[in-house]
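What follows is one structure encoded as structure tokens, with my remarks underneath.
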Amino acid sequence: MRALWIAFLAVATFGSLYPFNFDLAGPPGGLLQALREAASAKTSRGDVAGNFVLFLPIGLFGMLAMERRRAPWVRFLQAGAISVAAAAALQLFQLFLPSRDASLVDVVWNAAGTAAGAMLASLASLTQRGGSPMASRLSGAALLPLALITCWLSYRLLPYVPSIDLQAFKDSLKPIFNEPLDPLACTRDTVGWILMAYLLREAWSGARFDRLLPLMVAAVFALEVVIVSNGIDRADLAGAAIASALWFGFLGRQSKPEWALLALLAGTLAMGGLTPLEMRAEVAPFEWMPFSGFLGGSMYLNAQSALEKTFLYGSLALLAQRVLSGRTRGTLLAMGFVGLIEFAQTRLVGHTPEVTDPFLVLLASLAIAILQREDAARALALQEVRPPLPREQRPLRPTVTSAPISAPISAPASAAAAAPTAAPTAAPN
């Protein structure tokens, strides 16, 4: 878990300090004046969502990386203090970056994201305790399906700000009647909800929480109506209906639906990555800097895209490893498939080819490997500290009887009893 925590801290550091063009002379008006401006700087709704989402996995894996023998509230404070200190340090470093605008308000939203992630980790830890009825069903490896479920719900419910305006509710429903059905969006929503049902079933083995899919769809649609800058359209309704019909009618009844899900997801990624099929006049340059597409533009759109891609590519890595024998083979196949789509975009109009998408597949595969290793270590530790069974609960050993050493050599009665019965001989004619 500590490796994942450090990895997400490194990603946050890279995104906050890029392009690293430090001006050691400091801000023009002095450091104190820059701090006062950073404390009073206003932030947009997109910046709030981006800063919250960026530090949510840091709080999650930071809480899990702390020493398990300590009290939960101690681990919560430790993970929160380190993460918030890192967020404040990044904002201070931004004072020396002319291309970045520091804001101490961002630290508040970083702290909120850290606290939300730490609380999710606390809930997962409670279900893994020995006395919990879910302990036998939820393992460390189940954190990946839960994290992917969280990414999908966070993507759908961004920016998490409810409204109490009746006109805003009406505007959220207008796309159902005014906008035509988008086939690509409908396909993406269909595959997304099918993956949600699969992940719900995989996170809690045997609990069949995938039956709650219609209730989850209804709850998400209701929240999307009341959240500002959000809403539902015909593609949302059609995708959820088709996904429910396919899952409960066919896919959910299969013992191993991974092959079908992998084919559906791969087809959806190919459609989204290659549409529209309009050739460029010249080959577009390939961006080899990871996460370069998330470093500019709208933070709201970047956070939404990052959550959706994490959900899709994390699911792709998970399915590829379960379908193919061997973790390395599944990882290489998934990365190669996504990489081919990105290279094809160098000749297509309306796309930005970059290395970020294959890199997300690699990060998801590393998370799977780390979580599986944590499960194996936890199982070995439980076997080592398991107390011996009481004498009355131990299995009975079979009683072995042996003949005495000084047994008589021969006895007429015992010899007759021990000798095999001979077959009767026919009398001569």
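The values are calculated or read from the model by the stated rules, or taken from the named source; none is laboratory data. Just so you know, these numbers come straight off a predicted model, no measurement behind them. Don't worry about glycine lacking a Cβ; one is built from the backbone with ideal geometry, like all the others, and counts go over all protein chains shown. Only protein heavy atoms, including side chains, enter the accessible area calculation; ligands, DNA and RNA are left aside. Shrake-Rupley method; radii C 1.70, N 1.55, O 1.52, S 1.80 Å.
In order along the range 274-291, the Karplus-derived 3J(HN,Hα) couplings, from 6.51 cos²θ - 1.76 cosθ + 1.60 at θ = phi - 60°, round to 10, 9, x, 7, 10, 6, 7, 6, 10, 6, 6, x, 8, 8, 9, 8, x, 6 Hz, and Gly and Pro are given as x.
So between ARG69 and ALA245, what do we pick up on full extension, going 0.36 nm a residue minus the alpha carbon distance? Please report the intermediate quantities before stating the final value.
On the way: separation 176, 0.36 × 176 = 63.36 nm, distance 4.61 nm.
That pair, ARG69 and ALA245, stretches by 58.8 nm at full extension.
Using a probe of 1.4 angstrom and keeping all protein chains present, the accessible surface of the range 167-320 works out to 48 square angstrom per residue.
Using a ≥ b ≥ c from the Cα gyration tensor of the range 204-277 (square roots of the eigenvalues), is it rounded, prolate or oblate, where a/c under 1.5 gives rounded and otherwise the larger of a/b and b/c decides, a/b for prolate? Walk me through the numbers before you get to the answer.
On the way: a/c = 2.33, a/b = 1.10, b/c = 2.12.
Judged from the Cα gyration tensor, the range 204-277 comes out oblate (a/c at least 1.5, b/c at or above a/b).
Using r as the Cβ-Cβ distance of ALA263 and ALA219, and R0 as 35 Å, what FRET efficiency do you calculate, to the nearest 0.05?
Values: r = 29 Å, r/R0 = 0.83.
E(calc), rounded to 0.05, equals 0.75.
Dipole check for the range 178-276: with +1 at the C-beta of Lys and Arg, -1 at the C-beta of Asp and Glu, and the Cα centre as origin, the magnitude is about 440 Debye.
Give the peptides 76-84, 50-58, 12-20 in descending order of average Cβ contacts within 10 Å, highest first.
Order by mean packing, descending: 50-58, 76-84, 12-20.
Here ALA10 and GLN372 are evaluated by their C-beta separation; at R0 = 22 Å the FRET efficiency comes out at 0.50.
Residues whose amide H falls under 5 Å from that of GLU354, counting only those 5 or more places apart or on a different chain, are GLU287, with hydrogens built in the peptide plane.
If R0 equals 41 Å, the separation of the Cβ atoms of ALA281 and LYS42 corresponds to a calculated FRET efficiency of about 0.45. Averaging the Cα positions of each part gives two centres, and for the range 256-328 and the range 148-173 these lie 24 Å apart. The modelled label-to-label distance between LYS256 and LEU24, using points 7 Å beyond Cα along the C-beta direction, is 6.0 nm.
Note on the range 228-274: with neighbouring protein chains present and a 1.4 Å probe, carbon and sulfur make up 67 percent of its accessible heavy-atom surface.
At a Cα cut-off below 17 Å, give the aspartates and glutamates reachable from LYS170, other chains included and same-chain residues fewer than 8 away excluded. Qualifying aspartates and glutamates at Cα under 17 Å: GLU179, GLU224, ASP233, ASP236.
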